[in-house]
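Below: the structure, in structure tokens.
Bear in mind these aren't lab numbers, they're just calculated from the coordinates by the rules spelled out. On a predicted model such as this, the values are computed, not experimentally measured, just so you know. Here Cβ is always computed from backbone atoms with ideal geometry, including for glycine, and neighbour counts include all displayed protein chains.
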């Protein structure tokens, strides 16, 4: 198994209905063509949801202004769109740093989950999980989480709330760790796409689902962009109100297109965010079965969206499009949505002509897939403004997108020292730098791109040990490729990131081996004094974490 670093755009994304994660690469190509070439662009995303497209825009250098009405979406996107890696180091000083605080939370959660005792502050474990993970009744108990994970999430969430109320952590620090809890809560849920219903048993359909649902929760630091990323802003505001306040280069519109209201579909993520312990009904019928099986929050209508209404969607779209002030609008809407593609085109064309439409196949995420093949829907991408090349670029290049997407993934990998490969450039011969512009990659035919991907993949490091050795040797100048000041900083960050993510109290022997392996290469080397200081700090945090685990 080859090792890759997580990617800011794709890692730690909460799975939501209508998520554009599977369309990130074609949307990246579209945005690259539309962005102004000589100045930073303002990217407006008033229906940001999970933040999948806003993260792509931020990676492209845009100043992102995002909005959503759901509390959980605000927390997630506030962290991932307004912060970068440089913000994390000085935080959580009272807790010994972010790594130490996450270690403490994970240990507390694991202890509570392992002992299985009833919690006085329990919420998920009381209302949304069974009393026993091996013997449960889905008609008399809600099965949104295993009891193990519900106890973990209850414990860490309450600890965070108490730390914030007592002033031991700030609002920003609370948001950072809360974003990690929300990701775990989404990942471990016993559902098939939303929280309107749970599966009849844990991991009903596939073994992979069971490993996800029943796997042990663990909080990790957010994967944020590098220190020079443009900072965005996040707003809890209705979409039409938000777009009126900004003149954008690109306004990305991804309005709800089905009758499913997000306040009800993701009520548990909002409950975890608010932590107001709003109890669902426990009323039962004569057989003792729960009458309110779903346990949806009673106040979910507070974030009711007219775009989810068969009667109100058309008027809401008219009002929204009449409020947008942008050089380009990129609007995504499924062909099976409440409004027809013809109606969307008509409404856009009346105020924002010219309008071009690109149909993209989108694989459905969540739920059981058909045996006959991949289940997909057609997502219509409407583009306004004068950009004649963008339609041909995407429509004629669909077969190239998987190869370009794979190259994007490989920007997070570590490679054995190699020379530049065609259009690709390597930092120190071991890290793939940013890819060339889309139009340059698209100029290659499919076979050439496929060959390029295969060639680069063959040089990818296969283990954590190999990755660390290669990175440290490059930092020491043992490779022929020269490295500048910024390049050295980037290599150092990759080394620390790799070590930090292996620093798990339950696998401390592996971490010790990796840590000592790097320290042996760095100690006494005048070329790596800065890395040595960072290693000292990481070692102290790891000692604290592992010491707590074994005491």
- Note on the structure: Counted neighbours (other Cβ, 10 Å), sorted fewest up, put 236, 453 in the order 236, 453
- Nearest 5 is fine: what % of DSSP beta bridges in the chain come out antiparallel, could you say? 55 percent
- Task: Would you mind pulling out the separation of the Cα centroids of the stretch 161-189 and the stretch 447-466, in Å?
- Result: 38 Å
- Please report 378, 358, 329 as a ranked list, fewest other C-beta atoms within 10 angstrom at the top and most at the bottom. 378, 358, 329
- Query: In what order do 115, 273 fall by count of nearby beta-carbon atoms within 10 Å, going from fewest to most?
  - Reply: 115, 273
- Item | Per-residue [θ]222 nm for the chain (sum of -39500 (n - 2.57) over DSSP H runs n ≥ 4, rounded to 500) | -13000 deg cm²/dmol
- Item | Peptide ranges 442-448, 39-45, 227-233, 15-21 listed from the most packed, as the mean C-beta count within 10 angstrom indicates | 39-45, 15-21, 227-233, 442-448
- Item | Rounded Å value of the spacing that divides the Cα centres of the stretch 48-92 and the stretch 197-271 | 11 Å
- Of the labelled options (i) 91, 59, 43; (ii) 71, 63, 49; (iii) 99, 63, 48, which one gives Cα extents along the principal axes in Å as computed for this structure? (ii)
- What percent does the relative contact order of the chain come to when contacts are Cα pairs within less than 8 Å and at least six residues apart? 16 percent
- Task: Just need the relative contact order of the stretch 89-214 here, percent rounded to a whole number, with Cα pairs under 8 Å and 6+ apart.
- Result: 24 percent
